[in-house]
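Down below is the structure, laid out as structure tokens.
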Amino acid sequence: MAGINIKSKLFVDALIVNAASFVEKAGFFIANIIIARYLSLEHFGEYSTALAYATFFSLMTDIGINVTLIRALNLESKFINEHFTNAFVTKITLAAVMYIIMAVSLYFTNYNRDVVFLTLIFGVVRISNEFMRTYYSVDEARQNFLFPSLVNSIYVMFFLAGIIAVVILKGNYFHLAYVRLGVVFLFIVFLSHRIFRTFKFVFNADLCNKFIRSAIPFSTIAVLWNLILRTNAIIISFMVGTTKVGIFTNSMLFLDTLSIIPINLRKITLPVLYRALEQNDRMKFQFSFDILSKYFCIISFYLTLVFILFAKDIIMIIFGKKYLDSIYILQILSCAIPFIFNIASIIIVGLDKQSVLSNILVITTVVNIAANVILIHFFDLTGAAIAIVITYWLIFVLGHVYLKVYEKLKMRNVVTWNVWYLIISTTTAALFLCTSLKNYNIIIGLPVVSLVYFILTVVFVLRKDDMRIIREILRI
């Protein structure tokens with residue numbers, strides 16, 4: 001019964017977090033569509049460049065603080081005030097330092113005056129967003145996912161409403177930036193008022209040093225992830241111009257949206273894995289690794305198949321004819337989806353082996369930057385997309401190799417499922433492309449592809465144990 005209750009709790013938490021994340025991602029996705037269609041190709045490229053540049057520096061204000069805070073509040077709950085104080089002081093110090101560095105660095109870019117000014121505005125917006133996430137981490141540490149999910153959903157709705165208002169009133173991209181600034185300021189005031197009613201500022205030098213030392217592995221991970229995920233657009237802007245950043249961003253938006261699924265799973269799973277580590281329950285790690293890897297394969301290969309087969313329809317319907325160059329980029333990027341759904345990284349953090357993940361990310365960061373510079377030089381945006389696929393593939397492979405060699409987790413099932421879904425996906429694509437179905441658009445083609453994929457999954461992959469686990473989670 002205890003196992004069933006844990007799985008049911010995970011299901012409810014997953015439902016709340018994923019519902020809120022769907023609202024968040026859907027809201028920002030719709031906003032991006034509106035902005036991309038509203039602005040000219042050149043202006044959207046400048047807008048995307050400014051946002052990407054500001055996001056790169058703002059993410060450096062986290063450097064693992066949120067994850068370290070969750071860990072500290074779970075492992076040392078009697079020092080909650082001290083740990084929150086450490087997190088807040090560290091965060092605000094980093095915010096000031098990174099904003100100054102960002103502002104100074106803009107002097108050395110070749111961006112025009114409008115892009116520079118937009119970047120300065122977005123710098124405040126994105127740093128404020130990171131403060132919001134730190135506030136949310138307090139609730140997530142207590143496995144209270146409802147409040148942050150609800151508040152963040154409301155925030156997104158306010159943001160989307162502001163974007164629509166700017167478009168209706170025929171504003172420019174500066175007005176779009178000011179709307180984001182106004183909305184985030186409103187919510188920062190609200191969340192700050194709430195959080196400061198709960199916590200007191202209590203500074204303890206020893207605990208502060210301990211907190212910072214604990215954050216170092218997470219910090220390294222956060223910085224490296226930032227370099228991996230955010231340098232592409234910046235390198236593109238330097239090498240081939242800001243206009244092409246918008247084309248790449250529209251394709252990359254789909255991967256960013258889908259990545260919220262493993263990110264949310266990490267939020268929900270880590271507290272459970274930390275308790276399993278404390279209890280030395282190694283079986284729970286193997287179980288989590290096996291079952292989640294299987295379901296990740298089902299989802300990720302299906303999504304890859306859909307984006308490869310229907311990229312043209314998706315781009316045309318969502319962004320319009322002026323973004324035709326995004327079609328091929330999206331098809332290449334979709335090959336990274338199975339590697340983005342990477343349970344190995346979650347398990348490594350759950351085992352408290354952040355230094356291992358850091359080492360993996362050091363290698364892939366070097367590969368990512370080198371691949372971007374070289375491949376963009378020779379293949380333009382296609383090279384940037386290939387660099388993304390190579391990077392995620394390398395993280396995926398190195399993580400699984402570590403778990404196999406050093407943590408002795410069994411890999412047979414994972415390898416089997418990946419092979420099966422490569423076969424199932426290829427078979428489904430062949431049936432679609434080698435018949436008259438390829439002449440139909442996404443409205444007819446997608447249901448047929450989904451049906452074939454589902455039938456092959458039921459026949460060759462799903463077993464009675466899968467249905468039993470699902471029934472236990474749902475308490476059927």
Could you please find all residues in region 93-125 being assigned to a helix (DSSP H, G or I) and of a type in the set (Phe, Trp, Tyr)?
-> TYR99, TYR107, PHE108, PHE117, PHE122
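Among THR249, THR220, which is the only one that is within 25 Å of SER137 (Cα to Cα), assigned to a helix (DSSP H, G or I) and either without any contact (Cβ under 8 Å) to a residue 24 or more places away in the chain or in contact with a Ser or Thr (Cβ under 6 Å, 6 or more places away or on another chain) (or both)? Give the derivation first.
Working: THR249 fails: within 25 Å of SER137 (Cα to Cα).
None of the other options fit; the residue is THR220.
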Give the number of residues within region 1-52 that are modelled with pLDDT of 70 or more, over 21 Å from the mean Cα position of the chain (by Cα) and farther than 28 Å from ASP114 by Cβ.
-> 0
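Take VAL245 and tell me if it is at pLDDT below 80 and within 26 Å of SER21 (Cα to Cα).
Values: at pLDDT below 80: no; within 26 Å of SER21 (Cα to Cα): yes.
So VAL245 does not fit the description; no.
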Just need a number here: residues in region 314-352 that are over 17 Å from SER251 (Cβ atoms), assigned to a loop (DSSP other than H, G, I, E, B) and of a type outside the set (A, V, I, L, M, F, W, C).
-> 2
What are the residues in region 431-463 that are crowded, with 16+ Cβ neighbours inside 10 Å and among the small types (Gly, Ala, Ser), if any?
-> GLY445
Residues satisfying the stated conditions in region 301-313, i.e. surrounded by fewer than 19 Cβ atoms within 10 Å (Cβ to Cβ) and within 22 Å of VAL245 (Cβ to Cβ) = LYS312
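Of all residues being among the polar types (S, T, N, Q) and at pLDDT 80 or above in region 199-241, which is farthest from ILE80 (Cα to Cα)? Just the residue, please.
Going residue by residue through region 199-241, those that are among the polar types (S, T, N, Q) are 204, 209, 214, 219-220, 226, 231-232, 237.
From what is left, the residues that are at pLDDT 80 or above are 231-232, 237.
On the way: THR231: 35, ASN232: 38, SER237: 43 Å.
Here the residue is SER237.
Among the residues of region 38-54, count how many are surrounded by 23 or more Cβ atoms within 10 Å (Cβ to Cβ) and either polar (S, T, N, Q) or closer than 19 Å to SER326 by Cβ (or both).
Filtering region 38-54 for residues surrounded by 23 or more Cβ atoms within 10 Å (Cβ to Cβ) gives 44-54.
Those left that are additionally either polar (S, T, N, Q) or closer than 19 Å to SER326 by Cβ (or both): 44-49, 51-52.
Residues in region 38-54 being surrounded by 23 or more Cβ atoms within 10 Å (Cβ to Cβ) and either polar (S, T, N, Q) or closer than 19 Å to SER326 by Cβ (or both): 8 in total.
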Would you be able to tell me the number of residues in region 425-446 that are more than 32 Å from the chain's Cα centre (by Cα) and closer than 26 Å to VAL461 by Cα?
-> 4
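Right, ASN418: in a helix (DSSP H, G or I) and out of contact with any Pro (no Cβ under 9 Å at 6 or more places or on another chain) or not?
no
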Being at pLDDT below 95 and surrounded by fewer than 17 Cβ atoms within 10 Å (Cβ to Cβ) narrows SER77, SER58 down to just SER77
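The values are calculated or read from the model by the stated rules, or taken from the named source; none is laboratory data. No experiment lies behind these values; they were computed from the predicted model shown. Here Cβ is always computed from backbone atoms with ideal geometry, including for glycine, and neighbour counts include all displayed protein chains.
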